[in-house]
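Remarks on the structure that follows.
The values are calculated or read from the model by the stated rules, or taken from the named source; none is laboratory data. Keep in mind it's a predicted model, so treat the numbers as computed, not measured. Quick reminder, even Gly has a Cβ in these numbers, built from the backbone with ideal geometry, and neighbours come from all protein chains shown. Remember, those area values only see protein heavy atoms, side chains included, never the ligands or the DNA or RNA. Shrake-Rupley method; radii C 1.70, N 1.55, O 1.52, S 1.80 Å.
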Amino acid sequence: MSNVTITNHPLIQHKLSILRDKTTGSKEFRALISEIAALLCYEATRDLPLEEVEIETPVAVAKAKVIAGKKLAFVPILRAGTGMLDGVLSLVPSAKVGHIGMYRDPETALPVPYYCKLPADISQREVFVLDPMLATGGSAIDAINQIKINNPKSVKFMCIIAAPEGLKALTDAHPDVEVYCAALDDHLNEHKYIVPGLGDAGDRIFGTK
Ligand code: PRP
Ligand code: URA
(Lines give C-alpha, C1' and ligand atoms only; values in the text may rest on other atoms or scores of the structure.)
(Ligands and ions follow the chains in the order given, each with its own letter.)
Protein backbone atom coordinates (compact mmCIF):
# COMPACT_ATOMS: atom_id res chain seq x y z
CA MET A 1 0.00 0.00 0.00
CA SER A 2 1.90 2.97 -1.32
CA ASN A 3 0.04 5.58 0.74
CA VAL A 4 0.83 3.91 4.07
CA THR A 5 3.83 4.73 6.28
CA ILE A 6 4.51 2.48 9.23
CA THR A 7 7.19 4.12 11.32
CA ASN A 8 9.82 1.83 12.78
CA HIS A 9 11.76 4.50 14.66
CA PRO A 10 13.26 2.99 17.83
CA LEU A 11 11.87 5.76 20.08
CA ILE A 12 8.34 5.11 18.80
CA GLN A 13 8.68 1.33 19.15
CA HIS A 14 9.99 1.66 22.71
CA LYS A 15 7.22 4.01 23.81
CA LEU A 16 4.64 1.81 22.10
CA SER A 17 5.74 -1.23 24.11
CA ILE A 18 5.12 0.65 27.38
CA LEU A 19 1.78 1.89 26.02
CA ARG A 20 0.62 -1.64 25.22
CA ASP A 21 1.50 -2.95 28.71
CA LYS A 22 -1.72 -3.42 30.68
CA THR A 23 0.00 -2.28 33.90
CA THR A 24 0.70 1.20 32.45
CA GLY A 25 -1.61 3.68 34.22
CA SER A 26 -3.60 6.55 32.69
CA LYS A 27 -1.11 9.30 33.57
CA GLU A 28 1.79 7.59 31.79
CA PHE A 29 -0.52 6.35 29.01
CA ARG A 30 -1.61 9.91 28.20
CA ALA A 31 1.96 11.17 28.14
CA LEU A 32 3.05 8.35 25.82
CA ILE A 33 0.12 8.85 23.40
CA SER A 34 1.06 12.51 23.15
CA GLU A 35 4.79 11.80 22.63
CA ILE A 36 4.15 9.16 19.96
CA ALA A 37 1.73 11.52 18.21
CA ALA A 38 4.44 14.19 18.07
CA LEU A 39 6.92 11.72 16.59
CA LEU A 40 4.33 10.57 14.01
CA CYS A 41 3.59 14.21 13.19
CA TYR A 42 7.28 14.72 12.42
CA GLU A 43 6.91 12.02 9.72
CA ALA A 44 3.51 13.15 8.47
CA THR A 45 4.71 16.74 7.90
CA ARG A 46 7.93 15.70 6.14
CA ASP A 47 6.69 16.87 2.71
CA LEU A 48 5.57 20.38 3.71
CA PRO A 49 7.07 22.71 1.12
CA LEU A 50 9.61 25.36 2.14
CA GLU A 51 10.35 28.79 0.75
CA GLU A 52 13.46 30.90 1.02
CA VAL A 53 13.49 34.14 3.01
CA GLU A 54 16.24 36.52 3.94
CA ILE A 55 17.02 36.93 7.64
CA GLU A 56 19.68 38.73 9.61
CA THR A 57 21.59 36.74 12.19
CA PRO A 58 23.72 38.63 14.76
CA VAL A 59 26.63 37.95 12.39
CA ALA A 60 25.39 38.26 8.79
CA VAL A 61 22.49 38.41 6.37
CA ALA A 62 21.53 34.89 5.35
CA LYS A 63 19.06 33.03 3.21
CA ALA A 64 16.91 30.71 5.33
CA LYS A 65 14.01 28.31 4.84
CA VAL A 66 10.51 28.66 6.29
CA ILE A 67 7.35 26.64 5.70
CA ALA A 68 5.65 28.03 2.61
CA GLY A 69 2.40 29.50 3.87
CA LYS A 70 0.83 26.09 4.51
CA LYS A 71 -2.30 26.09 6.58
CA LEU A 72 -2.87 22.96 8.63
CA ALA A 73 -5.81 21.65 10.64
CA PHE A 74 -5.80 18.79 13.13
CA VAL A 75 -9.06 16.90 13.58
CA PRO A 76 -9.11 14.41 16.47
CA ILE A 77 -11.90 11.81 16.53
CA LEU A 78 -13.51 11.94 19.99
CA ARG A 79 -12.71 10.71 22.45
CA ALA A 80 -9.38 8.96 22.05
CA GLY A 81 -8.06 11.18 19.24
CA THR A 82 -7.91 14.14 21.65
CA GLY A 83 -5.10 12.31 23.44
CA MET A 84 -2.91 12.94 20.38
CA LEU A 85 -3.67 16.67 20.16
CA ASP A 86 -1.11 18.11 22.61
CA GLY A 87 1.68 16.22 20.89
CA VAL A 88 0.93 17.43 17.37
CA LEU A 89 0.21 21.00 18.52
CA SER A 90 3.61 21.07 20.25
CA LEU A 91 5.12 20.81 16.74
CA VAL A 92 2.58 22.96 14.84
CA PRO A 93 1.13 25.41 17.39
CA SER A 94 -0.48 27.61 14.73
CA ALA A 95 -2.69 24.82 13.33
CA LYS A 96 -6.45 25.07 13.74
CA VAL A 97 -8.38 22.26 15.40
CA GLY A 98 -11.68 20.62 14.47
CA HIS A 99 -13.48 17.85 16.34
CA ILE A 100 -15.49 14.88 15.13
CA GLY A 101 -17.48 12.96 17.72
CA MET A 102 -18.04 9.28 17.07
CA TYR A 103 -18.29 6.07 19.06
CA ARG A 104 -18.51 2.42 18.03
CA ASP A 105 -21.78 0.70 18.71
CA PRO A 106 -20.75 -2.15 21.04
CA GLU A 107 -23.07 -4.64 19.27
CA THR A 108 -22.36 -3.86 15.61
CA ALA A 109 -18.93 -2.12 15.90
CA LEU A 110 -20.32 0.43 13.44
CA PRO A 111 -19.50 4.11 14.05
CA VAL A 112 -22.21 6.33 15.53
CA PRO A 113 -21.50 10.00 14.71
CA TYR A 114 -22.65 12.59 17.27
CA TYR A 115 -20.64 15.80 16.70
CA CYS A 116 -18.77 17.67 13.99
CA LYS A 117 -17.16 21.11 14.31
CA LEU A 118 -14.51 21.99 11.74
CA PRO A 119 -12.55 25.22 11.11
CA ALA A 120 -14.59 27.57 8.87
CA ASP A 121 -11.72 27.87 6.37
CA ILE A 122 -11.08 24.13 6.14
CA SER A 123 -11.20 24.27 2.32
CA GLN A 124 -7.88 26.16 2.48
CA ARG A 125 -6.24 23.67 4.83
CA GLU A 126 -4.32 20.41 4.83
CA VAL A 127 -6.18 18.23 7.32
CA PHE A 128 -4.60 15.66 9.64
CA VAL A 129 -7.16 13.32 11.21
CA LEU A 130 -6.07 11.88 14.57
CA ASP A 131 -7.19 8.63 16.20
CA PRO A 132 -4.91 6.21 18.05
CA MET A 133 -6.82 3.10 16.87
CA LEU A 134 -7.71 1.97 13.35
CA ALA A 135 -9.64 -1.26 13.95
CA THR A 136 -12.39 -2.01 11.37
CA GLY A 137 -11.72 1.40 9.81
CA GLY A 138 -15.38 2.42 10.10
CA SER A 139 -14.74 5.47 12.31
CA ALA A 140 -11.85 6.79 10.22
CA ILE A 141 -13.74 6.32 6.93
CA ASP A 142 -16.84 8.07 8.25
CA ALA A 143 -14.83 10.95 9.76
CA ILE A 144 -12.94 11.48 6.50
CA ASN A 145 -16.25 11.39 4.57
CA GLN A 146 -17.52 14.21 6.80
CA ILE A 147 -14.32 16.22 6.30
CA LYS A 148 -14.22 15.72 2.51
CA ILE A 149 -17.72 17.23 2.14
CA ASN A 150 -15.99 20.52 3.05
CA ASN A 151 -13.35 20.22 0.26
CA PRO A 152 -10.10 20.38 2.25
CA LYS A 153 -6.86 20.71 0.26
CA SER A 154 -5.79 17.24 1.38
CA VAL A 155 -6.40 14.72 4.15
CA LYS A 156 -3.88 12.58 6.05
CA PHE A 157 -4.74 10.07 8.75
CA MET A 158 -2.50 9.49 11.78
CA CYS A 159 -3.01 6.54 14.12
CA ILE A 160 -0.87 4.69 16.62
CA ILE A 161 -2.01 1.09 16.01
CA ALA A 162 -3.72 -0.23 12.87
CA ALA A 163 -5.27 -3.62 12.16
CA PRO A 164 -4.79 -5.04 8.64
CA GLU A 165 -8.59 -5.12 8.19
CA GLY A 166 -8.96 -1.40 9.01
CA LEU A 167 -5.98 -0.35 6.95
CA LYS A 168 -7.37 -2.14 3.88
CA ALA A 169 -10.86 -0.71 4.39
CA LEU A 170 -9.49 2.83 4.79
CA THR A 171 -7.14 2.72 1.81
CA ASP A 172 -9.88 1.15 -0.36
CA ALA A 173 -12.41 3.83 0.66
CA HIS A 174 -9.98 6.77 0.51
CA PRO A 175 -7.03 5.86 -1.73
CA ASP A 176 -5.92 9.51 -1.83
CA VAL A 177 -5.45 9.71 1.96
CA GLU A 178 -1.92 9.12 3.26
CA VAL A 179 -1.87 7.02 6.42
CA TYR A 180 0.81 7.23 9.12
CA CYS A 181 0.89 4.69 11.92
CA ALA A 182 3.32 3.43 14.53
CA ALA A 183 2.41 -0.26 14.26
CA LEU A 184 0.48 -2.68 12.08
CA ASP A 185 -0.88 -5.39 14.38
CA ASP A 186 -2.02 -8.92 13.69
CA HIS A 187 -5.82 -9.09 13.44
CA LEU A 188 -9.16 -8.14 15.02
CA ASN A 189 -10.74 -10.41 17.62
CA GLU A 190 -14.42 -11.41 17.75
CA HIS A 191 -15.26 -8.09 19.48
CA LYS A 192 -13.41 -6.15 16.74
CA TYR A 193 -10.60 -5.22 19.11
CA ILE A 194 -7.07 -5.07 17.76
CA VAL A 195 -4.82 -8.03 18.70
CA PRO A 196 -2.44 -7.58 20.46
CA GLY A 197 -3.39 -3.87 20.47
CA LEU A 198 -3.59 -1.94 23.71
CA GLY A 199 -7.23 -2.41 24.74
CA ASP A 200 -9.74 0.43 24.68
CA ALA A 201 -7.74 3.57 23.97
CA GLY A 202 -10.40 6.01 25.23
CA ASP A 203 -10.85 4.15 28.51
CA ARG A 204 -7.10 3.94 29.07
CA ILE A 205 -6.55 7.67 28.32
CA PHE A 206 -9.41 8.86 30.49
CA GLY A 207 -9.42 6.10 33.13
CA THR A 208 -13.08 5.34 32.51
CA LYS A 209 -12.88 1.58 33.10
C1 PRP B 1 -12.27 3.76 19.27
C2 PRP B 1 -11.10 4.44 18.59
C3 PRP B 1 -11.62 4.69 17.20
C4 PRP B 1 -12.50 3.49 16.96
C5 PRP B 1 -11.77 2.53 16.08
O6 PRP B 1 -13.21 4.69 19.65
O7 PRP B 1 -10.67 5.60 19.25
O8 PRP B 1 -12.36 5.89 17.08
O9 PRP B 1 -12.75 2.89 18.24
O10 PRP B 1 -12.58 1.48 15.72
P11 PRP B 1 -13.04 1.23 14.21
O12 PRP B 1 -11.82 1.38 13.34
O13 PRP B 1 -13.54 -0.19 14.24
O14 PRP B 1 -14.10 2.22 13.86
P15 PRP B 1 -14.51 4.25 20.52
O16 PRP B 1 -15.60 3.83 19.61
O17 PRP B 1 -14.07 3.26 21.55
O18 PRP B 1 -14.96 5.61 21.16
P19 PRP B 1 -14.29 6.46 22.35
O20 PRP B 1 -12.97 7.00 21.82
O21 PRP B 1 -15.28 7.53 22.58
O22 PRP B 1 -14.09 5.55 23.52
N1 URA C 1 -11.05 0.77 19.72
C2 URA C 1 -10.10 0.68 20.68
O3 URA C 1 -9.96 1.58 21.52
N4 URA C 1 -9.33 -0.40 20.69
C5 URA C 1 -9.42 -1.40 19.78
O6 URA C 1 -8.66 -2.39 19.86
C7 URA C 1 -10.42 -1.29 18.81
C8 URA C 1 -11.21 -0.17 18.78
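Some observations on this one:
- Alpha-carbon centroids, the stretch 11-84 and the stretch 109-135: separation in whole Å: 18 Å
- Label separation (Leu11 vs Leu110): 4.2 nm, computed from points 7 Å beyond Cα along the C-beta direction.
- Tensor-based shape of the stretch 1-68 (alpha-carbon gyration tensor, a/c under 1.5 rounded, otherwise prolate or oblate): prolate
- Fraction of accessible area attributable to carbon and sulfur, the chain (%, probe 1.4 Å): 54 percent
- Cα shape, the stretch 1-156, gyration tensor, a/c 1.5 rule: oblate
- Computed over the stretch 125-176, the alpha-carbon pair-distance distribution with 10 angstrom bins reads 27, 60, 13, each value a whole percent.
- In terms of the mean number of neighbouring beta-carbon atoms within 10 Å, the peptides 182-192, 26-36 order highest first as 26-36, 182-192.
- Normalised per residue, the accessible area of the stretch 170-209 is 50 Å², obtained with a 1.4 Å probe and no contribution from ligands, DNA or RNA.
- Net length gained if the chain between Thr57 and Ser2 were fully extended (0.36 nm per residue, minus Cα distance): 15.7 nm
- Length released on extending from Gln124 to Val66, taking residue separation times 0.36 nm less the Cα-Cα span: 19.0 nm
- Residues of the stretch 1-139: accessible area per residue with a 1.4 Å probe, Å²: 55 Å²
- The stretch between Asp47 and Ser26, if pulled fully straight at 0.36 nm per residue, gains 4.2 nm over its current Cα-Cα span.
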